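Structure first, then comments.
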Amino acid sequence: MAMNRLEDAEASALRAVELDPLSVGPDLAQAILDKMLTRRESEHVDGFALAYGYIAVGDGENALKWLETAVDEKSLDAVWLKVAGVTFFESIGADPRYKALIERMGFPK
């Protein structure tokens, strides 16, 4: 029973980071990101969620890599790239690769 509660808590924390990675501190964000990366080895974890995780730990380079992966994999969450990008991806918004992703998605100007 205690293990089920631990697994439930972990799943809730993972979901919190997927929804709002900045809602947890950087240490917890890193721990959760590590779990998501481990899960990705055996099951699908959306690249967009991983990009969020990397933004939460201040790693814009890997965030861009996973955003590119999300777009390549046709992630449904990638449609939020421009909307979420206004605030959440602000730290990488000036990067030409980010701007290229916005162009690639075909968002209206």
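Readers should treat all values here as calculations from the given coordinates under stated rules, not as data from a laboratory. Bear in mind the structure is a predicted one, so any value in this text is a computation, not a measurement. All Cβ positions, even for glycine, are placed from backbone atoms using ideal geometry, and neighbour counts span all protein chains on display.
Determine, from the Cβ-Cβ distance of K65 and D34 and an R0 of 25 Å, the FRET efficiency 1/(1 + (r/R0)^6), rounded to the nearest 0.05.
Details: r = 16 Å, r/R0 = 0.64.
The calculated FRET efficiency here is 0.95.
When Lys and Arg each count +1 and Asp and Glu each count -1, what net charge do the other residues less than 11 Å away from V57, Cβ to Cβ, add up to? Mind dumping the intermediate values first?
Values: positive: none; negative: D27, D34, D59.
Here the count lands on -3.
Net charge around A70, counting only other residues with Cβ within less than 11 Å of its Cβ (Lys, Arg = +1; Asp, Glu = -1)? Don't skip to the end; give the middle numbers.
Details: positive: K65, K74; negative: D46, E68, D72, E73, D77.
Neighbour charge sum, excluding A70 itself: -3.
With label points built 7 Å along Cα→Cβ from the Cα atoms of R97 and K109, find their separation and express it in nm.
Distance between the two pseudo-spin positions: 2.5 nm.
Leaving out same-chain residues fewer than 8 places away, which lysines sit with a Cα under 17 Å from that of K74?
Filter leaves K65, K82.
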